[in-house]
Amino acid sequence: MVAAAAVVVAVVALGAGMWVWHEQPSFCGTACHNVMGSYVEGYKSGDANLMVVDHAQQNYDCLDCHEPTIEEQVSELVTYVKGDYSIPLEDSGLGTREFCMRSGCHDDWEKIVEATSDWQGTKTVYNPEGVYNPHDNHRGDGNCGDCHKAHGRSTLYCVECHNMEVPEGWVGFE
């Protein structure tokens, strides 16, 4: 009876420890998640040009953005076991405006628009002042992930058509 109780306590403690570890970025780069290695390296890199580093410095971890359901986790496990994936991983769709603007994250759109109201670019007949605002533009309400890449260099989508300065550490439209 004592041995059975010890086994139950050990299993519960191990399970609790695994659950706590599951919540840490280190979990995402080990075991069956080794395909996530480059993403975790980026998270830990200190490279100020990666949004994931900015999030890490603000004490966000993987599960603050990636909240997989049990169904998604099982699907990912099957995909991993079958080897049916490629690196970089398929875009997860987390860069939608609704996702980024959720409560507690970037929830003040007007503040974002105001902060980027005076980007300078080439003066044209259509824009004689040469001032652009990528967050208040003629293309409407795009998704944040169109430009902002969490695990890679962000891309200034506007330079596909407009001649404007690309922020340091970003890349032009690819």
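The values are calculated or read from the model by the stated rules, or taken from the named source; none is laboratory data. Everything quoted here is computed from the prediction, not taken from an experiment. Here Cβ is always computed from backbone atoms with ideal geometry, including for glycine, and neighbour counts include all displayed protein chains. Calculation scope for accessible area: heavy atoms of the full protein, side chains included, ligands and nucleic acids excluded. Shrake-Rupley method; radii C 1.70, N 1.55, O 1.52, S 1.80 Å.
When you scan region 59-72, do you find a residue that is charged (D, E, K, R), touching an Asp or Glu at 6+ places or on another chain (Cβ under 9 Å), without any contact (Cβ under 8 Å) to a residue 60 or more places away in the chain and within 23 Å of ASN34 (Cα to Cα), even just one? Yes: region 59-72 contains one or more residues that are charged (D, E, K, R), touching an Asp or Glu at 6+ places or on another chain (Cβ under 9 Å), without any contact (Cβ under 8 Å) to a residue 60 or more places away in the chain and within 23 Å of ASN34 (Cα to Cα). Highlighted here are the helices (runs of 4 or more DSSP H) found entirely within region 57-174 that include at least 1 residues which are in contact with a Cys (Cβ under 7 Å, 6 or more places away or on another chain): 62-65, 70-82, 97-100. Only a single criterion out of (1) surrounded by 10 or more Cβ atoms within 10 Å (Cβ to Cβ); (2) at pLDDT 80 or above is not satisfied by VAL9, namely (2). Regarding region 77-86, can at least one residue be identified that is open to solvent by less than 100 Å² (accessible area, probe 1.4 Å), modelled with pLDDT of 80 or more, within 17 Å of GLY42 (Cα to Cα) and among the aromatic types (Phe, Trp, Tyr)? Within region 77-86, none of the residues are open to solvent by less than 100 Å² (accessible area, probe 1.4 Å), modelled with pLDDT of 80 or more, within 17 Å of GLY42 (Cα to Cα) and among the aromatic types (Phe, Trp, Tyr).
Given the structure, is GLU110 over 26 Å from GLY169 (Cβ atoms) and either of a type in the set (Asp, Glu) or open to solvent by 50 Å² or more (accessible area, probe 1.4 Å) (or both)? No: the conditions fail for GLU110.
For region 87-107, the tally of residues that are exposed (fewer than 13 other Cβ atoms within 10 Å of the Cβ) and either among the aliphatic types (A, V, I, L, M) or touching a residue at least 60 places away in the same chain (Cβ under 8 Å) (or both) stands at 2.
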